[in-house]
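Heads up: the structure comes next, in structure tokens.
Only the coordinates and a few stated rules stand behind these numbers; no lab work does. In this text the structure is predicted, and so the values were computed from the model without any measurement. All Cβ positions, glycine included, derive from the backbone under ideal geometry; neighbour counts span all protein chains shown.
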Amino acid sequence: MSDRTRVVVIGGTSGIGRHFAQSCAERGDDVVITGRSEDRTKRIADEIGGQTRGIALDLADPERIVDALADVDRVDHLVVAALDRDYNTVREYRPLDATRLLTVKLTGYTTVLHALAPRMTDESAVVLVGGLASHRPYPGSTTVTTANGGIGALVRTLAVELSPIRVNALHPSIVADTPFWSDKPAAREAAVSRALTKRPVTMHDCAGAIAFLLENRSINGINLNIDGGEVLI
Ligand SMILES: NC(=O)c1ccc[n+]([C@@H]2O[C@H](COP(=O)([O-])OP(=O)(O)OC[C@H]3O[C@@H](n4cnc5c(N)ncnc54)[C@H](OP(=O)(O)O)[C@@H]3O)[C@@H](O)[C@H]2O)c1
């Protein structure tokens, strides 16, 4: 078995997950990324390059997660970043759409841990990606706010149950250079004006924070906001 760090990024075909996977591949890690489509995931794994391979996986179908991850062997670092977006409000509620996102972000994330925990070592570490919507609701965020609040609780029980494996979560505000926000300049500018740093949070910032959470061996069971101080005002 190679002594390279073995990294798995669930939701590694786009945005923050892809950016983090790219940074790992560039430093020589063995990387597995997942996305829903086999062809797309394999193509993006090839684009990332290095020792990267792609696996198709739909977290909205949690019964199939264990089988989909069956040929992943040792896992040193696991990042779970998948998101299937849902715009929902309580007055015009679409329960099926809400259920899909809650399944992805809560049952799906937990099932990934169930599948991969047996392939982790005592030094392994996990980062779940939540989001600041848990504390800062916005119009249509009802399901996302609920899911990200759940991630905040999930890290605590997972850190206890999986000890000595470490489990932490990162909660970004708007990450300005992700594909989702690329065509929404007004929302990006509003986020910059709310941040005390007066600069956008970027995927590079998130990748650095994820690396910190994975690598610092005393950081465990925490929810780290990455928002330029936005929650203080
Ligand atoms: N972007 C932001 O500003 C922001 C802010 C706060 C929090 N976050 C959090 O950061 C994480 C990443 O967000 P992002 O905007 O960078 O991501 P993104 O670009 O929207 O990419 C989402 C990823 O999730 C995968 N995915 C979608 N539905 C899935 C499903 N049902 N099962 C498995 N995988 C699925 C996608 O793969 P395929 O499309 O290839 O299937 C893709 O790899 C999310 O957890 C999000 O809540 C993001």
Selection within the stretch 11-36 - among the β-branched types (Val, Ile, Thr), part of a strand (DSSP E or B) and near the ligand (Cβ under 8 Å from one of its atoms): Ile33, Thr34
Looking only at the stretch 199-216, and only at residues there that are assigned to a loop (DSSP other than H, G, I, E, B) and touching a residue at least 24 places away in the same chain (Cβ under 8 Å), the one that is surrounded by the fewest Cβ atoms within 10 Å (Cβ to Cβ): Arg199
Flag for Thr34 being of a type outside the set (A, V, I, L, M) and either touching a Leu at 6+ places or on another chain (Cβ under 9 Å) or without any contact (Cβ under 8 Å) to a residue 40 or more places away in the chain (or both): yes
Residue check, Thr178 buried (at least 17 other Cβ atoms within 10 Å of the Cβ) and more than 10 Å from the ligand (Cβ to nearest atom): no
Test: residue in the stretch 83-93 that is among the aromatic types (Phe, Trp, Tyr), outside any loop (DSSP other than H, G, I, E, B) and either under 24 Å from Arg156 (Cβ atoms) or more than 11 Å from the ligand (Cβ to nearest atom) (or both): no
Residue match in the stretch 216-229 (condition: more than 10 Å from the ligand (Cβ to nearest atom) and farther than 30 Å from Leu69 by Cα): yes
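Quickly run through the stretch 116-131 and pick out the residues that are part of a helix (DSSP H, G or I) and either surrounded by fewer than 21 Cβ atoms within 10 Å (Cβ to Cβ) or basic (Lys, Arg) (or both). Even if it seems obvious, please write down each step before you answer.
As a first pass, look at the stretch 116-131 and keep what is part of a helix (DSSP H, G or I): 116-119.
Listed by number, the residues that qualify are Ala117, Pro118, Arg119.
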Subset tally (residues that are under 18 Å from the mean Cα position of the chain (by Cα) and within 23 Å of Arg18 (Cβ to Cβ)) for the stretch 156-195: 15
Unique residue being in contact (Cβ under 8 Å) with a residue 40 or more places away in the chain and touching a helix residue (DSSP H, G or I) at 6+ places or on another chain (Cβ under 9 Å) when the list is Thr110, Thr121: Thr110
Residue match in the stretch 117-127 (condition: within 11 Å of the ligand (Cβ to nearest atom) and within 19 Å of Cys206 (Cβ to Cβ)): yes
Test result for His204, over 20 Å from Asp84 (Cα atoms) and in contact with a Ser or Thr (Cβ under 9 Å, 6 or more places away or on another chain): yes
